[in-house]
Amino acid sequence: MEVALVTGGSRGIGSCLCGALADLGYAVIINYNHNKEKAENLAKEIVSGGGIALTYKCDVSKPEEVKEMFKFAKKEFGHVDVLINNAGISRFNTITDISDEEWQEMIGVNLSGTFYTCRECAKMMIGRQYGKIINISSMWGIQGASCESHYSASKSGVIGLTKALAMELAPSNITVNAIAPGAIDTDMMSALSEEDYKAYISEVPLGMIGSTKEVALAMKYILSSNYLTGQVISPNGGVVI
Ligand code: NAP
């Protein structure tokens, strides 16, 4: 059985991706940081539908915890075939107000976290000469976002990491791609006031906020291909073209 590990699988996009992977027949390791109950409920749901799912708590910004998570995966399943780097945080702040701590936290979770998991997973995947890595970036990593310079920088970094690893790992039969979603209806969007939410929708060419299923569709496409690597797929309603 193929095994998928999803970081930040407890809520939002990650939770939808875990469900989609279980539907595709993968055994799923659902990583969470704070929301143990949500992760466990999702695992129960997958298991009651006939799938295989385990949960694992790990703060992806901590390299030692990430190493332990991959030891857990190896112990439970022997390998990881698919890694989805989805865990992420976002904040709104102006460049003059972003503290060193806020900058470090953003880069630590979104970019360093993705690097730490890729590094551990690559060790396993190179040994087996097989694997697929999908990093969740953002359309704001392609086009800069005002008052989100740290978020944009972290998500651009994820795209750079994706492209470099795609080159480096292709000879080992490992593909590395990114999905750079536009606004998707999750808790992350709840930071917007109702007014800002409506104003944002009025600027989306397709006139709507995306659902988590749009990200799952992009993931399924990437997983279905053995020839796609180093690419960035951006379901964003036409905001960034
Ligand atoms: P969300 O609803 O806020 O969920 C975030 C997930 O990340 C949660 O499962 C959370 O786990 C996990 N997480 C956060 N910090 C973590 C850490 N240090 N270690 C491990 N897990 C951590 O966010 P979302 O909207 O689903 O976003 C998922 C990804 O898509 C993020 O990378 C985000 O940047 C990206 N994205 C989102 C949108 C959007 O509009 N929603 C658009 C573009 C890109 P716990 O709850 O267990 O702490």
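The values are calculated or read from the model by the stated rules, or taken from the named source; none is laboratory data. Bear in mind the structure is a predicted one, so any value in this text is a computation, not a measurement. Please note: Cβ atoms are built from the backbone with ideal geometry, for glycine as well, and neighbour counts cover all protein chains shown. We work out accessible area using only protein heavy atoms, side chains counted, and drop any ligands, DNA or RNA first. Shrake-Rupley method; radii C 1.70, N 1.55, O 1.52, S 1.80 Å.
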TODO: Filter the stretch 132-151 down to residues that are crowded, with 17+ Cβ neighbours inside 10 Å and either within 15 Å of the chain's Cα centre (by Cα) or on the phi > 0 side of the Ramachandran plot (or both), then give me how many there are.
DONE: 11
Open item on the list: What pairs come out if I take residues in the stretch 166-182 that are part of a loop (DSSP other than H, G, I, E, B) and pair them with residues that are surrounded by fewer than 14 Cβ atoms within 10 Å (Cβ to Cβ) whose C-beta lies under 6 Å away, six or more apart or interchain?
Closed with: N173/Q129
Open item on the list: Pairs needed: first member in the stretch 216-241, more than 21 Å from L161 (Cα to Cα); second member anywhere, in a helix (DSSP H, G or I) and open to solvent by 20 Å² or more (accessible area, probe 1.4 Å); C-beta distance under 7 Å; at least 6 residues apart or different chains.
Closed with: A216/C16
Task: Filtered residues of the stretch 184-241 (kept if touching a Pro at 6+ places or on another chain (Cβ under 7 Å) and either among the acidic types (D, E) or farther than 21 Å from C16 by Cβ (or both)) - done: E214, G238
